[in-house]
Every structure is written in C-alpha cells, then in structure tokens.
Amino acid sequence: MLETRSSHACHGGVQQFYQHDSRTIGLPMRFAVYLPPQAAHGKVPALFYLAGLTCTEETFPMKAGAQRFAARHGIALIAPDTSPRGAGVPGESDAWDFGVGAGFYVDATRDAWAKHYRMYSYVRDDLRETVCANLPIDPARLGIFGHSMGGHGALVLALRNPDLYRSVSAFAPIAAPMRCPWGEKAFRGYLGDNRDAWRDYDASELVGCASAKFAAGILVDQGLADQFLDVQLNPDVFEAACGAAGQPLTLRRHAGYDHGYYFISTFVEDHLAHHAKVLLAS
C-alpha cells in the first residue's frame, strides 16, 4: 500500500513523493515519482534514477530539472532513497560513504547488514513491482540511469537484468568499484573479503559476461573537473571493458564540469532523449 507524502503539479504532470512498507528491506522506504501529463490517458514508459552518496529520494526531483523533458517525451521518472533508514545497525551513521545514505545498490551478505541493506533487490523487484502495480507505468518499457554511486547501481542492474531494463545511462558512475576506495570500503563492509563476490556488482567486470547487449548503446557523461575522477570513478576502465565485449558505449568527457547537479542538469536532457529513442520505439 502506498502512502502519499506530497503531490505537486509540475510541467503539466505531477511530482509525487511516496512511502511504502518494503518486503525486501523490511522497513518503510520512500521514493519519488514524476508522472508526465500523458499518464492521465494511459500507461507510460518509466526511467528509474538512482542517486549518489548522501542523497535521498528528493535530490534528483529537486535539483536535476528533468521533469520538463520527461513531460515532453511522456516518460515517468522514479527515484528511490539511497539506503534503508532506521535499520539500527551499529555504526550505520558513522561515515558519509557507508551505511545510511550509502547502500551502494548491493544485497549485503555480511553480519547485521544482510537483514535490511538489500538495495539491489529492492530496486529490481520491490520498487519496480510496486510502481507498476499501483501507477500507470508500462512494465515492458523501463530504463535505468543514475549518478556516481547510483550510476554504478544503474549499470549493474541493467547489465544483470537486460530483460527488465531496455535502456541505460549514467552520470559520472563509479564504473569499476573493485578498483577504488569507495567501492572497496562498501564491498568489504557489505559483502565481506571474498573479491569474487564483488564481481557481481562491478560494471567493468559484468559487461564482458552480460547475457545481452544494449544495441542502442550505453551513454555515460563524465566531467573532467570532477574532483573524484582520478581516484574513484575509472571511466577508462569501463570504456576498455565495453570495447573488449563489443558493447556500444558513448562516453562523453566534458571540460570544466564537476561531480554535482549543475553538471547533471546540463546534460539530463540528452539522457532523457537517449532513453526515449528506445522506450518510445514500440
């Protein structure tokens, strides 16, 4: 059952914020949905947007300015929170890059984290099924994109589930998390020390063994003034992996742009157009 927390008219459609009891997480979870004006007349395609570290379900709807372009294309936008809230795991709020606000879109297997920190399955199953059952969303026309930690999550979810997501893109994704401090900290904390288990959540490892290609290509935008580029993001690693796997990739590098939402808002129109070409094709 969905609890509507707020609803706002926006570009001819409606921006809504919901809470529901998640069977996957075992706690209440919040998410945002933008329904374009076309949703008043029937089911519409939808894009799932996964946000980055420290963000919530409100960050993307408030900062990216994507609703204008979603209304133009007739595509819904769905943005979940970035972690469980109130799980009560000791130390879960001690660091900004692990725990609360930093679920990393994995299903934790280690210790106390495994009970509630199941963001991969939450996005793939619980959230998707909830919005498709309760809102005018076409389950056969879904795409996924995200930023930073969420860009990592979007790439992983798409590469592992090409039957669910027809299109994928990312802004400044953590593209090879096994090779960066953020990823190593998260994977060790949530999954333990077995690096073989980490490969299931590393896009640069997954692209070579994906069951299907995204024929329309993967779009990635990266700012060259991004303060995290050199140490955390590794777009070159993902680019090389896509090349070796024969996965079409458009990796655009932008001088002067950093890691934040000024960057995202500049290029979000292109991402909506990228997804629309696929989701509106049939």
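The values are calculated or read from the model by the stated rules, or taken from the named source; none is laboratory data. Note that the structure is predicted; figures quoted are calculated from it, not measured. Using ideal geometry, Cβ is built from the backbone for each residue, glycine included, and neighbour counts are taken over all protein chains shown. Just the protein is used for accessible areas: all its heavy atoms, side chains included, with ligands, DNA and RNA removed. Shrake-Rupley method; radii C 1.70, N 1.55, O 1.52, S 1.80 Å.
Solvent exposure of the stretch 2-280, expressed per residue, is 38 Å² of accessible area, with all protein chains present and a 1.4 angstrom probe. Projecting the Cα positions of Phe263, Val207, His147 onto the charge dipole of the stretch 129-282 (unit charges on Cβ atoms of Lys, Arg, Asp and Glu, taken about the Cα centre) puts Val207 furthest along the positive direction. At the residue level, Thr54 shows approximately 90 square angstrom of accessible surface with a 1.4 angstrom probe and all protein chains present.
Recomputing mean projected area of the Cα convex hull in nm² from the coordinates shown identifies the correct label among (1) 21.2; (2) 23.0; (3) 13.2 as (3). Take the Cβ atoms of Lys213 and Met62, set R0 to 30 Å, and the FRET efficiency comes out at 0.30. Across the accessible surface of the stretch 2-280, with the other protein chains kept in place and a 1.4 Å probe, carbon and sulfur atoms take up 48 percent.
Could you work out [θ]222 nm for the chain from helices alone, using -39500 (n - 2.57) per DSSP H run of at least four and dividing by all its residues? Round to the nearest 500 deg cm²/dmol. Helices in the chain give a 222 nm mean residue ellipticity of -8000 deg cm²/dmol.
Of the residues Asp196, Asp138, the one with the largest accessible area comes first in the ranking Asp196, Asp138, computed with a 1.4 Å probe on protein heavy atoms. Given +1 at the Cβ of Lys and Arg, -1 at the Cβ of Asp and Glu and no other charges, the dipole of the stretch 2-280 around its Cα centre is 640 debye to the nearest 20. Ordered from highest to lowest accessible area with the whole protein assembly present and a 1.4 Å probe, Tyr262, Tyr201, Tyr257 read as Tyr262, Tyr257, Tyr201. Taking every DSSP bridge with both residues inside the stretch 2-280, close to 50 percent are antiparallel.
The accessible area of Lys63, taken with all protein chains in place and a 1.4 Å probe, comes to roughly 130 Å².
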